[in-house]
Amino acid sequence: LEALGTATYTADKETYESLREAAYGAGDRVSDSSPSEYESYVRDEVFSAVNSAIDAAVPDEYRDAKTRARVAASLSGRLSEEYTAAVAEEGEIELEGEYWDGRGFLVRITDIHETVSGEMTEETNNRIRTTLDDLRTKYENEVPPSELNPTAVRLQVLYKGGAGTDDAVIDDETEAIRYMRNAEEVKGHLESSIRLKSQEDPDGASLHAGHPTDYMLSLGPAAYAANPDVYERLSEVAYGTGDRVDEESLDEYESYVRDEVFPAVDASVDAAVPDEYHTTETQAQVAAALTGRLMEEYTAAVTEEGEVELEGEYWDGRGFLVRITETHESSLGEELSEDTTEDISGALDGLRSSYEETVPPSELEPAVEETRTVLTSAEYGETQTGSSDGETGNDGGAENEMDDSETDTESDSDGNTDTGSESGGQGMPGFTALAALVALLCAAYLRE
């Protein structure tokens with residue numbers, strides 16, 4: 001009543017009074033009525049009053065199928081919250097009230113779907129119905145929250161992507177940068193999981209291997225709207241990292257990340273982000289945005305005395321630094337003058353050095369700002385085609401940048417480019433190509 005009352009009262013006072021009377025009446029009647037009498041009161045009086053409140057308070061422009069799909073998606077999120085609060089990871093119900101809240105939300109999602117299904121494709125409807133059945137079965141069987149929540153997330157993605165809500169449409173540069181940055185964050189977390197697994201830190205590796213699932217609501221809707229098969233593959237590999245990091249050797253796990261997960265992430269970017277934003281300049285903006293996320297994580301992780309208090313956040317930032325470096329080396333370099341390339345490389349070297357020395361956040365910030373400035377002030381060339389990253393040849397080199405130093409702390413918490421293109425003013429193209437070949441061979445040797 002508190003959530004609905006103000007807008008209803010403003011729109012129509014009589015409707016508000018009817019809503020108020022019906023809502024309080026439900027509390028009075030639940031003990032005094034038979035089950036059939038109480039159900040009749042709820043459906044005939046309370047639901048009618050709530051619907052009248054919606055009719056009075058919500059403008060007609062928001063009564064379309066997309067809005068109702070967003071409501072169903074949001075309710076799926078609330079269901080997940082209630083279930084997580086109610087059921088222990090051992091599958092035991094600890095809070096009956098919250099458990100039944102979620103069951104009621106599941107009924108409402110099912111009812112809402114009948115009002116929006118006509119606006120979705122048969123393929124999407126079939127996927128949603130299958131997911132609802134799966135969610136209902138898991139809910140009623142009281143599975144651990146970690147088993148139910150991925151299904152709830154999938155349902156949200158299907159509603160948002162299938163209905164083409166705003167969350168599933170990238171129609172300006174800001175949204176494109178945000179989407180591409182989130183994709184890079186996924187890769188950054190996985191870079192750190194590889195590094196931590198190599199250090200025989202299973203808890204830290206597992207933590208970061210699990211992070212990709214946190215981004216499914218950020219990447220999933222637009223990927224599904226663009227190409228359902230791309231979304232399905234992304235979802236499959238994102239949830240696979242958490243299992244494989246513990247079960248496989250370092251080489252097997254790293255191969256899975258680089259050969260399976262990264263291409264799926266790239267495919268989601270290629271599908272979801274319009275071609276007009278696949279430019280080197282946008283890539284630079286993405287890298288610059290990632291420096292901001294790096295600074296956020298570092299500030300949360302490191303004290304002004306230079307002590308790492310939150311290992312998870314510290315390694316988040318280190319993974320993001322790898323991705324910034326990789327973006328510079330694989331996506332930007334061919335479009336820049338030699339001087340600009342040196343400026344960016346120098347700024348990144350300074351940032352990396354300060355990060356690995358765990359300087360106070362106030363000392364890291366100037367290096368972050370310098371990196372952001374040189375990335376965004378450079379003049380870039382033509383639109384790039386194909387994947388936003390060239391993973392095969394460069395990720396290992398970028399990873400070695402992170403591998404060059406060690407920290408003394410223990411993890412205990414959370415957390416193509418056309419290489420044949422020429423650049424004007426560079427000079428000595430043969431020498432440049434030879435130098436690049438030598439660098440590539442050296443990187444391969446170091447990685448081996």
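The values are calculated or read from the model by the stated rules, or taken from the named source; none is laboratory data. Nothing here was measured: the structure is a model prediction, and the numbers come from that model. All Cβ positions, even for glycine, are placed from backbone atoms using ideal geometry, and neighbour counts span all protein chains on display. The area values use the complete protein model at the heavy-atom level, side chains included, leaving out ligands, DNA and RNA. Shrake-Rupley method; radii C 1.70, N 1.55, O 1.52, S 1.80 Å.
May I ask you to say which residue of Val230, Val237, Val265, Val269 is in contact with a Lys or Arg (Cβ under 7 Å, 6 or more places away or on another chain) and among the aliphatic types (A, V, I, L, M)? It would help to see each step written out before you state the result.
Details: Val230 fails: in contact with a Lys or Arg (Cβ under 7 Å, 6 or more places away or on another chain); Val237 fails: in contact with a Lys or Arg (Cβ under 7 Å, 6 or more places away or on another chain); Val269 fails: in contact with a Lys or Arg (Cβ under 7 Å, 6 or more places away or on another chain).
Criteria check complete, one pass: Val265.
Of the conditions (1) in contact with a helix residue (DSSP H, G or I) (Cβ under 9 Å, 6 or more places away or on another chain); (2) open to solvent by 80 Å² or more (accessible area, probe 1.4 Å), Asp12 fails just one. Which one is it?
Only one criterion is unmet by Asp12, namely (2).
For Trp100, all conditions in the list (1) at pLDDT below 95; (2) open to solvent by 60 Å² or more (accessible area, probe 1.4 Å) hold save one; what is the number of the exception?
(1)
For region 304-350, how many residues are open to solvent by less than 20 Å² (accessible area, probe 1.4 Å), of a type in the set (S, T, N, Q) and modelled with pLDDT of 85 or more?
2
Please verify whether region 25-47 includes one or more residues that are open to solvent by 40 Å² or more (accessible area, probe 1.4 Å), within 22 Å of Val153 (Cα to Cα) and in a helix (DSSP H, G or I).
no
Residue under question is Asp167, and the condition is that it be under 13 Å from the mean Cα position of the chain (by Cα), modelled with pLDDT under 95 and of a type outside the set (Lys, Arg); does it hold?
Yes.
Just to check your reading of the model, which residue among Glu254, Glu297 is more than 27 Å from Ile344 (Cα to Cα) and of a type in the set (Asp, Glu)? Write out each step before concluding.
Working: Glu297 fails: more than 27 Å from Ile344 (Cα to Cα).
Testing whether each residue is more than 27 Å from Ile344 (Cα to Cα) and of a type in the set (Asp, Glu) leaves just Glu254.
May I ask you to verify whether Ser255 is open to solvent by 10 Å² or more (accessible area, probe 1.4 Å), more than 30 Å from Asp171 (Cβ to Cβ) and either at pLDDT 95 or above or outside any helix (DSSP H, G or I) (or both)?
On the way: open to solvent by 10 Å² or more (accessible area, probe 1.4 Å): yes; more than 30 Å from Asp171 (Cβ to Cβ): yes; either at pLDDT 95 or above or outside any helix (DSSP H, G or I) (or both): yes.
The answer is yes for Ser255.
Out of all the residues in region 351-372, which are open to solvent by 10 Å² or more (accessible area, probe 1.4 Å) and among the aliphatic types (A, V, I, L, M)?
Val359, Ala367 - these are the residues of region 351-372 that are open to solvent by 10 Å² or more (accessible area, probe 1.4 Å) and among the aliphatic types (A, V, I, L, M).
To keep it simple, each residue is scored yes or no on (1) of a type in the set (Phe, Trp, Tyr); (2) crowded, with 19+ Cβ neighbours inside 10 Å; (3) in contact with a helix residue (DSSP H, G or I) (Cβ under 6 Å, 6 or more places away or on another chain); (4) under 30 Å from Ala271 (Cβ atoms).
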| site | (1), (2), (3), (4) |
| --- | --- |
| Phe105 | yes, yes, yes, no |
| Ile112 | no, no, yes, yes |
| Gly118 | no, no, no, yes |
| Asn125 | no, no, yes, yes |
| Lys138 | no, yes, yes, yes |
| Ala152 | no, yes, yes, yes |
| Ile170 | no, yes, yes, yes |
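Here is a yes/no grid of residues against (1) within 30 Å of Thr282 (Cα to Cα); (2) of a type outside the set (A, V, I, L, M, F, W, C); (3) in a helix (DSSP H, G or I); (4) at pLDDT 95 or above:
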| residue | (1), (2), (3), (4) |
| --- | --- |
| Ile109 | no, no, yes, yes |
| Lys138 | no, yes, yes, yes |
| Thr151 | no, yes, yes, yes |
| Glu175 | yes, yes, yes, yes |
| Lys187 | yes, yes, yes, yes |
| Ser193 | yes, yes, yes, yes |
| Leu196 | no, no, yes, yes |
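Out of (1) touching a Pro at 6+ places or on another chain (Cβ under 9 Å); (2) under 15 Å from Ala163 (Cα atoms), what's the single condition that is false for Thr67?
(1)
Residues to consider are Ser18, Ser74, Ser52; find the one that is part of a helix (DSSP H, G or I) and over 38 Å from the mean Cα position of the chain (by Cα).
Details: Ser74 fails: over 38 Å from the mean Cα position of the chain (by Cα); Ser52 fails: over 38 Å from the mean Cα position of the chain (by Cα).
Result: Ser18 is the single residue among Ser18, Ser74, Ser52 that is part of a helix (DSSP H, G or I) and over 38 Å from the mean Cα position of the chain (by Cα).
Looking only at region 198-216, decide whether some residue is within 28 Å of Ser74 (Cα to Cα), open to solvent by 50 Å² or more (accessible area, probe 1.4 Å) and under 13 Å from the mean Cα position of the chain (by Cα).
Residues of region 198-216 that are within 28 Å of Ser74 (Cα to Cα), as a first pass: 207-216.
Filter once more, keeping what is open to solvent by 50 Å² or more (accessible area, probe 1.4 Å): 214.
Pick out the ones that are also under 13 Å from the mean Cα position of the chain (by Cα) and you get 214.
Yes, there is a match, as at least one residue in region 198-216 is within 28 Å of Ser74 (Cα to Cα), open to solvent by 50 Å² or more (accessible area, probe 1.4 Å) and under 13 Å from the mean Cα position of the chain (by Cα).
When you go through Asp270, Asp266 one by one, which is the residue that is closer than 23 Å to Ala225 by Cα, touching a His at 6+ places or on another chain (Cβ under 9 Å) and modelled with pLDDT of 95 or more?
On the way: Asp266 fails: touching a His at 6+ places or on another chain (Cβ under 9 Å).
So the residue among Asp270, Asp266 that is closer than 23 Å to Ala225 by Cα, touching a His at 6+ places or on another chain (Cβ under 9 Å) and modelled with pLDDT of 95 or more is Asp270.
Listed here are the residues, each with its yes/no results for (1) over 19 Å from Glu185 (Cα atoms); (2) open to solvent by 10 Å² or more (accessible area, probe 1.4 Å).
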| residue | (1), (2) |
| --- | --- |
| Gly220 | no, no |
| Arg233 | no, yes |
| Val237 | no, no |
| Arg244 | yes, yes |
| Leu250 | yes, yes |
| Asp259 | no, yes |
| Thr280 | no, no |
